[in-house]
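Presented below is the structure to which this report refers.
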Amino acid sequence: MDKFVIRGGEPLLGTVHISGAKNAALPCMAAALLTDQPVILENIPQVRDIQTTRNLLTAMGAEVELGYGRAHHRTTIHCANLTTPEASYELVKTMRASTLVLGPLVARCGRARVSLPGGCAIGARPIDLHIKGLEQLGAKIAQEHGYVEASATRLKGAHIVFDKITVTGTEDLLMAATLAEGETVLENCAREPEVADLAHLLNKMGAKIEGAGTPTIRVKGVSKLKGTKHRIIPDRIEAGTFLIAGAMTGGDLNVASCEPAHLEAVIHKLNAVGVKTKTNSDSVRVMGDNPFTASDLSTEEYPGFPTDCQAQFMVLATQAEGTSTITENIFENRFMHALELVRMGANIKIEGHRAVVRGKTPLSAAAVLASDLRASASLVLAALVADGETIIDRVYHIDRGYEHIEEKLKDVGAQIKRIGEMFPKKAVAAR
Ligand code: EPZ
């Protein structure tokens, strides 16, 4: 199992380039199930979840080419002959976003058998809203032996109001609705940029979608979708992670190849803490040369502060003068990182959905354990400012959603090395 060894104290200086958004690439790869023609996706990040999705699609009978190189990070997915519209427990348990194939499979094949994802480190993560929406579209649903079995001769348009805002729930049903008979109205939708990026791809495939990125999305069903080429948007969470890292280390970091418009809540919060930023068309420069002052934080659905940057912000809060109260409104158990940060010297008290952080506390290096994707990223940030050499175990969590994070950090001055080698440095095209 790979580990990171990080010696703290170096400011991050220079330019880091942001990869394509994992959380846009995953639904876009699932969307290829909706057509018998090839779909080409560019700017695909080289992360573990993409490999898992490739395995998921090939197990169904899809042909998936996945190539990484200087010129392109591209996948071509061709679902001409889907033999097994199923997502097995073995795959779903490693990546709950596999449930994104549910809607497309029912819409394209008339049936789907998808393992229930079960919980994960950050919460119960049910998919009841995905299932309820599919039933409203006319699918027959049975749940047994830990699987959801869905079937429909042809889905029929419906008026669906989500009880809660759900990102993949919106994406799952949006994809299902594109091939349904008649019009579907989805209300109380997630407004994340990844939803809009998926809708952009679907419309290029011939879907008729209006309103993606707003709470109400209208879909006019069509009988067939075609192949297309699409470039995935930059990863706003990776960008937010590096912005916070640049600030915390007292650096001067240019976060490039990103979409600043997707980062407004994060940039606003950094400014509130006293961090200087300068926004350009596709980059944000962060300068951490000021002392930080405490600021409260509440995670919200987009365009609010993203829950996926909460753990990273918590580390910054440990370096700010004063008391910051962090409220996690999206997931019920997303403070796993706090316990490890306390072991490094942070002063954090957890009270239900609230974490009270008292700073500024110097952090000292320790042997720590990664627990989930974003918690692991926060431990890397803590290690970058800790006194001494931190060892982070189980970094496969990080590899799920950050492309070559140790290379990117090394290139801007961090003292970090990986023990064990998951992706060879010069990756060859994976066949
Ligand atoms: C997406 O997860 C992201 N994953 C998550 O990113 C992100 O944290 C989350 O949205 C919130 O922004 C992908 O896009 C692949 P939700 P998702 O459905 O769709 C409850 C990362 O680090 N809910 O928006 O699974 C749910 O329990 C990952 O990259 C139901 O109750 O999240 C949660 O409390 C982690 N029933 C809330 O809604 C449902 O049917 C929001 O979850 C669905 C969700």
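The values are calculated or read from the model by the stated rules, or taken from the named source; none is laboratory data. Since this is a predicted model, take the numbers as computed values, not measurements. Positions of Cβ are backbone-derived with ideal geometry, glycine not excepted, and every protein chain shown enters the neighbour counts. Side chains are part of the model used for accessible areas, which takes the heavy atoms of the whole protein and leaves out ligands, DNA and RNA. Shrake-Rupley method; radii C 1.70, N 1.55, O 1.52, S 1.80 Å.
Observations on the structure shown:
- With respect to the conditions (1) touching a residue at least 40 places away in the same chain (Cβ under 8 Å); (2) over 25 Å from CYS79 (Cβ atoms); (3) in contact with a helix residue (DSSP H, G or I) (Cβ under 9 Å, 6 or more places away or on another chain), GLY123 lacks only one, and its number is (3).
- In the condition set (1) farther than 28 Å from TYR396 by Cβ; (2) more than 12 Å from the ligand (Cβ to nearest atom); (3) not hydrophobic (A, V, I, L, M, F, W, C), HIS73 is compliant with all but (1).
Conditions (1) open to solvent by less than 70 Å² (accessible area, probe 1.4 Å); (2) among the hydroxyl-bearing types (Ser, Thr, Tyr); (3) assigned by TED's automatic domain parsing to the domain that holds ALA124, marked per residue:
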residue: GLU321; (1), (2), (3): no, no, no
residue: SER324; (1), (2), (3): yes, yes, no
residue: GLU328; (1), (2), (3): yes, no, no
residue: PHE335; (1), (2), (3): yes, no, no
residue: VAL342; (1), (2), (3): yes, no, no
residue: ILE348; (1), (2), (3): yes, no, no
residue: ALA355; (1), (2), (3): yes, no, no
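- Restricting the range 275-306 to residues that are within 11 Å of the ligand (Cβ to nearest atom), without any contact (Cβ under 8 Å) to a residue 60 or more places away in the chain and not in a strand (DSSP E or B), the residue that is farthest from LEU253 (Cα to Cα): GLU300
- SER378 being modelled with pLDDT of 95 or more and surrounded by fewer than 21 Cβ atoms within 10 Å (Cβ to Cβ): no
- Restricting attention to the range 168-211, the residues being more than 20 Å from GLU135 (Cα to Cα), of a type in the set (D, E, K, R) and open to solvent by less than 30 Å² (accessible area, probe 1.4 Å) number 3.
- Residue check: GLU407 meets all listed conditions (1) closer than 24 Å to LEU270 by Cβ; (2) outside any strand (DSSP E or B); (3) at pLDDT 95 or above but one, namely (1).
- Which listed residue is aliphatic (A, V, I, L, M) and within 21 Å of the chain's Cα centre (by Cα), from LEU12, LEU41: LEU41
- Residues in the range 163-188 that are within 9 Å of the ligand (Cβ to nearest atom) and either over 21 Å from GLY110 (Cα atoms) or outside the structural domain of LEU134 (by TED's automatic domain parsing) (or both): ASP163, LYS164, ILE165, THR166, VAL167.
- Residue check, ASN329 free of Cβ contacts under 8 Å to residues at least 60 places away in the same chain and more than 22 Å from the chain's Cα centre (by Cα): no
- Selection count where residues are under 22 Å from ASP308 (Cβ atoms) and outside any helix (DSSP H, G or I), scope the range 100-155: 11
- Exactly one residue out of LEU100, LEU91, LEU105, LEU116 is buried (at least 23 other Cβ atoms within 10 Å of the Cβ), more than 9 Å from the ligand (Cβ to nearest atom), touching a residue at least 12 places away in the same chain (Cβ under 8 Å) and not assigned by TED's automatic domain parsing to the domain that holds ASN329: that is LEU105.
- Positions within the range 151-205 being under 18 Å from LEU26 (Cα atoms) and either free of Cβ contacts under 8 Å to residues at least 24 places away in the same chain or among the acidic types (Asp, Glu) (or both), in sequence order: GLU171, ASP172, GLU192, GLU194, ALA196, ASP197, ASN203
- Out of LEU137, LEU155, one residue alone is over 30 Å from LEU373 (Cα atoms), assigned by TED's automatic domain parsing to the domain that holds LEU34 and touching a Lys or Arg at 6+ places or on another chain (Cβ under 7 Å). It is LEU137.
- Tabulated pairs, the range 350-378, first over 19 Å from ILE405 (Cα atoms), second in a loop (DSSP other than H, G, I, E, B) and within 12 Å of the ligand (Cβ to nearest atom), C-beta under 6 angstrom, 6+ apart or interchain: HIS353/GLU328
- Hits in the range 316-358 (condition: within 16 Å of the ligand (Cβ to nearest atom) and either assigned to a loop (DSSP other than H, G, I, E, B) or under 23 Å from VAL395 (Cβ atoms) (or both)): GLU328, ASN329, ILE330, PHE331, GLU332, ASN333, ARG334, PHE335, MET336, HIS337, GLY352, HIS353
- Close pairs (7 angstrom Cβ cut-off, 6 or more residues apart or separate chains): buried (at least 20 other Cβ atoms within 10 Å of the Cβ) in the range 400-417, assigned to a loop (DSSP other than H, G, I, E, B) and small (Gly, Ala, Ser) anywhere: GLU403/SER19
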